[in-house]
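Reviewing the structure listed below.
What follows draws every value from the coordinates through simple rules; no lab data is involved. Just so it is clear, the model here is predicted, and its values are computed rather than measured. Positions of Cβ are backbone-derived with ideal geometry, glycine not excepted, and every protein chain shown enters the neighbour counts.
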Amino acid sequence: MSKYDVVALGELLIDFTLNGESSQGNPMFEANPGGAPCNVLSMLQKLGKKTAFIGKVGKDQFGRLLRETIEEVGIDSQYLLEDEVIPTTLAFVHTFPDGDREFSFYRKPGADMRLNEEEINESMVEDTKIFHFGTLSMTHDSVSRATIKAIELAKKNGAIISLDPNLREPLWEKLEHAKEQMLKAISYCDVLKISDNEIQFLTGIEDYEEGIAKLRSMYDIPLICLTLGKDGSRAYYKDIRVEVPGFKQDKVVDTTGAGDTFCGCVLSYICDNGLGDLSEEQLKEMITFANAAASLVTLKRGAIRSMPEMQEVEALLSK
């Protein structure tokens, strides 16, 4: 039996989210702990799963805040490393009236980029049911090698490999390199959570259905979940396709972490039910729950500390 349900590797950072103005009329930003892989783990913790994180922060006040935060939500932090020289990565989140957002990153370099192969703890990676990662840990050579090492160790030991590409265009020197690395990452995965704009970016096809078909013809991916923002999501598994509409919220505050919340719910379902023989009914149940949870996280700022409780999701579903 594995020690962990899900181990994730990648970026852990501060999302500075706009939160009003000062008395002088200056914008005020709230420091929200974030980073897609840990956002996913935070949701998994809410659903009762045992998780651990591999990554690096700076030896600074933000790094301390991030460690305290993930420990507070129950994520195993023993392999969260500190860089003595390079500071913690920061992101400023600019939110639009509809709740959508864009990011400005302070990462030239950032501590999360400095993880290297020698720092990957093999026993931890080998002792998990699911290994989850994104491609922000593949933007630069050293951390990319560390990521591939961890993936290969996990896969060798029978873990399910989960990927959310999480495209952030400003963090790549060239978009051709982004596409190359994202496709390399996809070649390893068993579970792919991908957004509407990412499938268009990777395949060059506007129609989502055709884009998914092209990706499935290129790679043997048992489960693909396509997220469509407020419009819901689709699941593609064997010859089954399921689509579930989203849960509309009237007072969206911040969509940061919605996709990660969705992903955490999907991985929790896979932990409980496996990936070998899912029915159409199970797939529908899985993404309906994930859609509901994702809608609830948009009612708060930030992600790691904003994940909904199980009973909140169930209450929304019961309506």
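Here are the numbers for the structure shown:
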item: Kirkwood Rh, angstrom, the stretch 19-61 [1 / mean 1/r, Cα pairs]; result: 13.3 Å
item: Around Lys59: net Lys/Arg minus Asp/Glu count, Cβ-Cβ under 15 Å; result: -3
item: The stretch 151-213: GluC sites (Glu not before Pro) in DSSP coil with no more than 16 other Cβ atoms inside 10 Å; result: Glu173, Glu206
item: Charge-dipole axis of the chain as Lys and Arg at +1 and Asp and Glu at -1 on Cβ define it, positive-most pick from Cys189, Tyr236, Tyr79; result: Tyr79
item: Rg/Rg_ref, the chain, where Rg_ref = 2.2 N^0.38 Å and atoms are Cα; result: 0.93
item: Residue exposure sequence - Lys174, Lys184 - by fewest surrounding Cβ within 10 Å; result: Lys174, Lys184
item: Cα centroid of the stretch 175-206 to Cα centroid of the stretch 18-55, whole Å; result: 25 Å
item: Extension gain from Lys248 to Asn116, taking 0.36 nm per residue of separation minus the Cα-Cα distance; result: 43.3 nm
item: Filter on Lys184/Lys214; Lys56/Lys156; Lys50/Lys251; Lys49/Lys155 - keep pairs with C-alpha separation over 22 Å; result: Lys56/Lys156; Lys50/Lys251
item: Cα-projected label distance for Ser23 with Asn273, points at 7 Å along beta-carbon direction, nm; result: 5.5 nm
item: Histogram of C-alpha separations across the stretch 120-246, 5 Å bin width, %; result: 2, 11, 20, 23, 19, 14, 8, 3, 0
